[in-house]
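For reference, the structure is listed below as structure tokens.
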Amino acid sequence: MQSETELIKIGTGYLDTLEYKKAIDFYTRAIEINSSNSQTFELRAIAWFKIFDIDKALSDTSTAIELDKKNHNAWFNKGEILKYRKEYSEAELCYREADKIYPDNLFYITGLIETTYKQKKYKETIGYCNQILKESPIDFIALNFRGLAFSKQLDYEAAIKDYLKIADIKKPNATIYNNLGFWYSKMGKLKKAYNNLSVALQLNQTHPYALDNLGFVEYLNGNYEKALKLIERSLEIAPSNSYAYKNRALVYLKINQRELALNDLQMARSLDYLEDYGNEVEELLKKEFNL
């Protein structure tokens with residue numbers, strides 16, 4: 001008869017080779033021998049999570065924590081599961097606990113970066129990013145989220161600085177140049193915005209947000225026909241992008257197509273523009289249509 005230790009070792013071998021169901025079988029047999037080993041539940045939770053059996057993964061990682069409150073890996077894994085379920089505040093608490101138990105693991109701070117950002121706690125996000133960047137100045141995740149958090153605080157210059165660093169260390173990526181272009185447009189630097197968005201579309205001709213943002217730049221330049229074509233192409237690819245409906249409404253207002261503008265603003269509202277981007281749509285509806 002195989003011992004608990006042997007069963008865990010075999011299960012972990014299967015976990016490492018991505019044979020998750022076999023790993024679960026051996027961990028289960030180990031738990032039948034000893035149901036008080038926190039690590040076995042933690043490992044089986046990982047295997048459950050890998051095959052997207054989320055309820056069992058959450059149950060096992062919770063049991064692992066009940067058996068050993070100091071199991072920082074289990075706290076982190078629970079955070080990962082809750083983040084997957086978009087339960088960001090609960091996930092944040094788990095990452096905090098993991099970081100408190102084992103503060104030298106910067107990887108745990110990555111979880112805090114993502115969950116605070118999702119909860120729009122941008123100052124905290126920036127603080128956690130700074131912790132990582134102090135130790136690793138070109139860490140992609142930290143630069144990425146710090147740039148995004150700066151942009152949410154309307155500090156576009158700081159966002160651009162972080163993304164220019166990313167552009168230096170990462171393979172050319174349409175999203176990087178799209179974001180740079182968008183932030184330059186918000187600063188009124190339309191030539192730089194146009195150039196970066198053009199690079200984004202050279203890298204990916206069907207990038208919906210780059211098409212939309214370039215349409216916005218054309219709108220700012222007074223090229224309404226070009227703007228309309230770009231934004232409509234964007235909406236063909238990503239029909240649920242509330243920001244594109246807002247941008248198209250701006251163009252419609254300029255060319256005196258008010259009914260179409262109203263329809264687009266109402267569509268943007270229905271797609272949760274306010275939640276994602278702010279109150280610009282609400283202000284336009286009130287200003288232009290008294291709604």
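The values are calculated or read from the model by the stated rules, or taken from the named source; none is laboratory data. If you're wondering where the values come from, they're calculated on a predicted model, not measured in any experiment. Positions of Cβ are generated from backbone atoms using ideal geometry, with glycine treated the same way; all protein chains shown enter the neighbour counts.
Brief remarks on what is shown
- Residue match in the stretch 31-43 (condition: closer than 26 Å to Asp99 by Cβ, among the charged types (D, E, K, R), surrounded by fewer than 22 Cβ atoms within 10 Å (Cβ to Cβ) and at pLDDT 95 or above): no
- Qualifying residue in the stretch 187-195 (condition: within 23 Å of Tyr252 (Cα to Cα), surrounded by 15 or more Cβ atoms within 10 Å (Cβ to Cβ) and among the charged types (D, E, K, R)): no
- Pair list, Cβ < 7 Å and 6+ apart or interchain, from the stretch 154-182 residues that are under 14 Å from Asn196 (Cα atoms) and modelled with pLDDT of 95 or more to residues that are of a type in the set (Asp, Glu) and buried (at least 19 other Cβ atoms within 10 Å of the Cβ): none
- Within the stretch 35-62, the only residue that satisfies the criterion of being among the aliphatic types (A, V, I, L, M) and touching a Ser or Thr at 6+ places or on another chain (Cβ under 6 Å) is Ala45.
- Some residue of the stretch 202-212 being under 24 Å from Arg146 (Cα atoms), of a type in the set (Asp, Glu), at pLDDT 95 or above and out of contact with any Lys or Arg (no Cβ under 8 Å at 6 or more places or on another chain): yes
- Top-ranked residue of the stretch 251-287 - restricted to ones that are surrounded by 15 or more Cβ atoms within 10 Å (Cβ to Cβ) and of a type in the set (Asp, Glu), ranked as nearest to the chain's Cα centre (by Cα): Glu280
- When each of Leu203, Leu197 is tested for being on the phi < 0 side of the Ramachandran plot and out of contact with any Pro (no Cβ under 9 Å at 6 or more places or on another chain), the lone residue that passes is Leu197.
- Residue in the stretch 219-250 that is farthest from Lys287 (Cα to Cα), counting only those that are under 28 Å from the mean Cα position of the chain (by Cα) and not in a helix (DSSP H, G or I): Ala238
- Matching residues, the stretch 49-71, being among the hydrophobic types (A, V, I, L, M, F, W, C) and either over 23 Å from Arg96 (Cα atoms) or exposed (fewer than 14 other Cβ atoms within 10 Å of the Cβ) (or both): Ile51, Phe52
- Cβ separations smaller than 6 Å between residues 6+ apart or across chains give no pair from the stretch 265-281 residues that are at pLDDT below 95 to residues that are polar (S, T, N, Q) and surrounded by fewer than 16 Cβ atoms within 10 Å (Cβ to Cβ).
- Cβ-Cβ under 7 Å pairs, at least 6 apart or on other chains, the stretch 16-28 side exposed (fewer than 14 other Cβ atoms within 10 Å of the Cβ), far side not acidic (Asp, Glu): Lys21/Ile51
- Complete set of residues in the stretch 138-147 that are over 15 Å from Leu112 (Cβ atoms) and either modelled with pLDDT of 95 or more or assigned to a helix (DSSP H, G or I) (or both): Phe140, Leu143, Gly147
- Here is the figure for the stretch 124-177: residues that are polar (S, T, N, Q) and within 21 Å of Leu214 (Cβ to Cβ) total 3.
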